[in-house]
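The structure under discussion appears below in the form of structure tokens.
None of the figures in this text is laboratory data; all of them are computed from the coordinates on show. Fair warning: this is a prediction, and the values are worked out from it, not measured in the lab. Cβ: placed from backbone, ideal geometry, glycine included. Neighbour counts: every protein chain shown.
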Amino acid sequence: SDLLEVHTRLGAGLLESVYEECLCHELALRGLGFRRQVSLPIEYKGTRLDLFLPGSLIVEIKSVERLLPLHQAQLITYLKLTGTPIGLLINFNVVHLKQGIRRLHFLEGEMTLAIPCFLPSSVPPCEKDIWSIR
């Protein structure tokens, strides 16, 4: 997957912006439509989505010692404000990338956390291959 490719090549401990840049490069190589640093409908203190695949997925990139409840709350807010059903919270500052991924579903007003991160069959095959970690 593209996530694993970026993590394997760069390793842990870099700035979030570096991982975002490299992940965007990989997505562009695949010809996927995505938007980067998207402003939310409510503009407050520069709140922006790291990566947005309109109508299907939000990716929030972190490079922190450990994911905190605040990081998850941030992604939940983004999912609710945009009506996007799936969000990935990715912490690149881990030895094994699987340890740094949290997938959230926001369906019919209910939020669920799915670990490990495998996308549902409703995600188109091309996107599923990119985001799933095996």
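Things worth noting here:
- Scanning residues 5 or more positions from residue 94 or on other chains, those with amide H under 5 Å from its amide H are 13, with H placed 1.01 Å from N in the peptide plane.
- Given R0 = 35 Å, the distance between the Cβ atoms of residue 66 and residue 25 translates into a calculated FRET efficiency of 0.85.
- Note that region 91-100 has calculated 3J(HN,Hα) couplings of 9, 7, 8, 9, 5, 10, 4, 3, 5, x Hz, one per residue in order, obtained from phi through the Karplus relation 6.51 cos²θ - 1.76 cosθ + 1.60 (θ = phi - 60°); glycine and proline are x.
- Pairwise label distance in nanometres, residue 98 with residue 8, each label 7 Å out on the Cα-Cβ vector: 1.4
- Note, ³J(HN,Hα) from phi for region 10-23, Karplus 6.51, -1.76, 1.60, rounded to Hz, x at Gly and Pro: 9, x, 8, x, 8, 5, 4, 4, 5, 5, 4, 4, 5, 5
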